[in-house]
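The values are calculated or read from the model by the stated rules, or taken from the named source; none is laboratory data. It should be emphasised that the depicted structure is a prediction, and the values quoted were computed from it without experimental measurement. With ideal geometry, Cβ positions are generated from the backbone for all residues, glycine too; neighbour counts draw on all protein chains shown.
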Amino acid sequence: MEILRFIATRAALGVLTLIAVSLLLYLGTQLLPGDVASALLGQSATPEALAVLRAKLGLNVPAWLRYLHWLWGVLHGNLGTSLTSGTPIASALMPRLANTLFLAGYAAIIAVPLAVGLGILAAIREGGILDRVSTMLSLATISFPEFFVSYILIVVFASQLGWLPSLATVYDGMGFWDRVDATTLPALTLVLVVVAHMLRMTRTSTLAVMSAPYVETAFLKGLSRSQVVLGHALPNALGPIIAVVALNLAYLVVGVVVVEVVFVYPGVGQLMVDAVSKRDLPTVQACGLVFAIAFIGLNTLADILAALANPRLRGRRGR
Amino acid sequence: MKIGGHKVPVTAYIGALIVLLALIAILFAPWVAPYPQTKIVGGVWDPPNAHDLLGTDSIGRDMLSRLIFGGRTSVTIALVATTLTMIIGIGLGFLAVATNKIVDNILSRIIDVMLAMPILIFALMVFAVLGTSIPIMIITISTLESTRVFRLARAVAMNITVLDYVQVARLRGEGVGWVIFREILPNALPPLIAEFGLRFCFTFLFIASLSFLGLGIQPPAADWGSMVHDNAQAISFGGYAPLFPAGAIALVTIGVNLIVDWLLSIHALPSGTGAEV
């Protein structure tokens, strides 16, 4: 029952964080000088025009009331109306959300087994070639901007070899495998961006367990290094590894913004960047909320899964 | 060679060399660059040749010269933003420790919420309201990123503030300012310097990404991120133009990271801690 209580507490904390972030996303913009009306009309707007537009957009209502109204709408699937196109945001956002989830999922399916597998291998042969290569690789991936990785991949696989398309064009009714083909390069970019960090952390978590007394006992009774790692160290390192994986998947959420723009992929990230340059605040808020849900959701899930994998974590993490 | 009793690894030398060369190139840009940055010297996206070592850009300007001048903008803005980040973050972090529990709790809870979201998402929200300009960008990034510095500064100060000499200073009746600047700061410097390097890498990449998205530095000013943005189309025509500014960003970041890795190893912190959202 202890574990159920932990899950409930952690989930409640996640919801609370989400509410706090949504408050910040909605009301934080009110603290800044200028509002949607002045953003839309520009600096040369007359006070009368501003007043009319403010009334039309309902900006004269107190901010907290507008927040509650917005939150109520969001809970009922109504994300508001786009300022630039005048259409409901939800209808523009939903297909794009599906696209983004497809891309992130594709990247995750490749990145997670690859990183965890190689991380464990690196831990088995500590100081080996794989270990040293992964150290250099992780330095490279934290130093390379996403667009640099993207363009290298485009030059090699699209321009030189001609294996894959350089733009990720997708449309409704596109076949599954065509879609996979179109999104392979952006997915590979995301894989490269997260894989090294995930690998290093998997290795570190596994090695951290390796200094425990029971691991020493396992060595002393004559087991080989790989037997010790797989049979004794890994089960106990699983909790931290799951946490690391979820953390990096949350990182995909951010990486996806730049990658979508590079490959002109119609996802939420691109929608958000477009909306920012058009100063379409309601759309930006809706996209921000989607990213917040994904990010906080993954972090909460990480904590819960880590606790499930390792009962000793209960209580210690549940602040 | 040893600095402060620690052997300096080869990688740190390579890092220092990269950073030094980049600094010389951008400090002495007018003398180093082969052409003025606005001069049109060739066709659109000429491939690298004897006249233009890295080819030309989207309107026929010399890529190498543009890179050298653009580096000025990129590095300067990142340095200013990082410095501001550190000042705000360290200031608030030390304040939380040096004053009382209530201030500490309020600051920590607000910052917990900020930490629950990637900086990029918050920054995009601010730009949607305020538009994009260099001062707005610097202030936004510094404010958001200082929440990350706050945690470290607070933890470091926490360890120092329980030491005898700080207690003595407090009992002596010194004010908050004295405790922060004369007691805590000098002793917290080493880890904070490493943090400065990490933050610089993050800020540098972050501003480059914003400029690449067309939301950072606006024309006529050019930085490496916006140069990638402007030359992105070349890829569709089989050119390599955006790879040069993107590579320059990567190279400088690697250089700083190599130095930071060495600084971190002195304080026994794991490498790669800079990978953060």
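Residues of the range B:61-108 that are hydrophobic (A, V, I, L, M, F, W, C) and within 12 Å of the chain's Cα centre (by Cα): B:Val75, B:Ile77, B:Ala78, B:Leu79, B:Val80, B:Ala81, B:Leu84, B:Met86.
Results for (1) at pLDDT below 85; (2) more than 12 Å from chain A (Cβ to nearest Cβ); (3) within 19 Å of the chain's Cα centre (by Cα), shown as yes or no for each residue.
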| position | (1), (2), (3) |
| --- | --- |
| B:Asn187 | yes, yes, no |
| B:Pro190 | yes, yes, yes |
| B:Phe204 | no, no, yes |
| B:Leu210 | no, no, yes |
| B:Gly216 | yes, no, yes |
| B:Ala222 | yes, yes, yes |
| B:His229 | yes, no, no |
| B:Gln233 | yes, no, no |
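Can you confirm whether A:Ser159 is free of Cβ contacts under 8 Å to residues at least 12 places away in the same chain, among the hydroxyl-bearing types (Ser, Thr, Tyr) and not in a loop (DSSP other than H, G, I, E, B)? Yes: the conditions hold for A:Ser159. Can we say A:Ser159 is of a type in the set (Gly, Ala, Ser), under 28 Å from B:Ala234 (Cα atoms) and either surrounded by fewer than 17 Cβ atoms within 10 Å (Cβ to Cβ) or in contact with a Gly (Cβ under 7 Å, 6 or more places away or on another chain) (or both)? Against the criterion (of a type in the set (Gly, Ala, Ser), under 28 Å from B:Ala234 (Cα atoms) and either surrounded by fewer than 17 Cβ atoms within 10 Å (Cβ to Cβ) or in contact with a Gly (Cβ under 7 Å, 6 or more places away or on another chain) (or both)), A:Ser159 qualifies. Against the numbered list (1) within 30 Å of A:Asp280 (Cα to Cα); (2) in contact with a Gly (Cβ under 9 Å, 6 or more places away or on another chain), A:Ser150 comes up short only at (2). For the range A:93-117, a residue qualifies if it is in contact with a Leu (Cβ under 7 Å, 6 or more places away or on another chain), surrounded by fewer than 22 Cβ atoms within 10 Å (Cβ to Cβ) and over 16 Å from A:Val290 (Cα atoms), and exactly one does: A:Ala108.
Just to be sure I understand the filter: pairs with C-beta atoms under 8 Å, separated by 6 or more residues or on different chains, first member in the range B:177-198 and among the acidic types (Asp, Glu), second member not in a helix (DSSP H, G or I). Which pairs pass? Close Cβ pairs (under 8 Å, with a partner that is not in a helix (DSSP H, G or I)) amount to B:Glu183/B:Glu174. Only residues that are touching a residue at least 12 places away in the same chain (Cβ under 8 Å), more than 24 Å from A:Val253 (Cβ to Cβ) and part of a helix (DSSP H, G or I) were counted in the range A:67-102, giving 0.
Each residue in the range B:133-154 was checked for being surrounded by 20 or more Cβ atoms within 10 Å (Cβ to Cβ) and either charged (D, E, K, R) or facing chain A (nearest Cβ under 8 Å) (or both), and 3 of them qualify.
Looking only at residues in the range A:184-200 that are within 11 Å of chain B (Cβ to nearest Cβ) and of a type in the set (A, V, I, L, M), the one that is surrounded by the most Cβ atoms within 10 Å (Cβ to Cβ) is A:Leu199. Kindly indicate whether any position in the range A:168-181 is of a type in the set (A, V, I, L, M) and more than 22 Å from the chain's Cα centre (by Cα). Looking for residues that are of a type in the set (A, V, I, L, M) and more than 22 Å from the chain's Cα centre (by Cα), one finds at least one in the range A:168-181, hence yes. Residues being facing chain B (nearest Cβ under 10 Å), part of a helix (DSSP H, G or I), under 24 Å from A:Gly77 (Cβ atoms) and without any contact (Cβ under 8 Å) to a residue 12 or more places away in the chain are represented in the range A:275-288 by at least one member.
Whether any residue in the range A:253-263 is more than 13 Å from chain B (Cβ to nearest Cβ) and not polar (S, T, N, Q) is what I want to check. No, the range A:253-263 has no match at all. The sole residue among A:Ile242, A:Ile293 that is more than 10 Å from chain B (Cβ to nearest Cβ) and either at pLDDT 85 or above or surrounded by fewer than 17 Cβ atoms within 10 Å (Cβ to Cβ) (or both) is A:Ile293.
Inspect all residues belonging to the range B:49-57 and state whether any of them is part of a helix (DSSP H, G or I) and not basic (Lys, Arg). Checking the range B:49-57: not a single residue is part of a helix (DSSP H, G or I) and not basic (Lys, Arg).
Of the residues contained in the range B:129-145, one or more are found to be in a helix (DSSP H, G or I) and over 18 Å from B:Thr82 (Cβ atoms).
Of the residues A:Ile120, A:Ile109, A:Ile129, A:Ile154, the single one that is away from every other protein chain (no Cβ under 14 Å), in contact with a helix residue (DSSP H, G or I) (Cβ under 9 Å, 6 or more places away or on another chain) and either free of Cβ contacts under 8 Å to residues at least 40 places away in the same chain or under 26 Å from B:Phe202 (Cα atoms) (or both) is A:Ile109.
Scanning the range B:100-123 for residues that are in a helix (DSSP H, G or I), of a type in the set (Gly, Ala, Ser) and either touching a residue at least 60 places away in the same chain (Cβ under 8 Å) or within 10 Å of chain A (Cβ to nearest Cβ) (or both) returns a single hit, B:Ala123.
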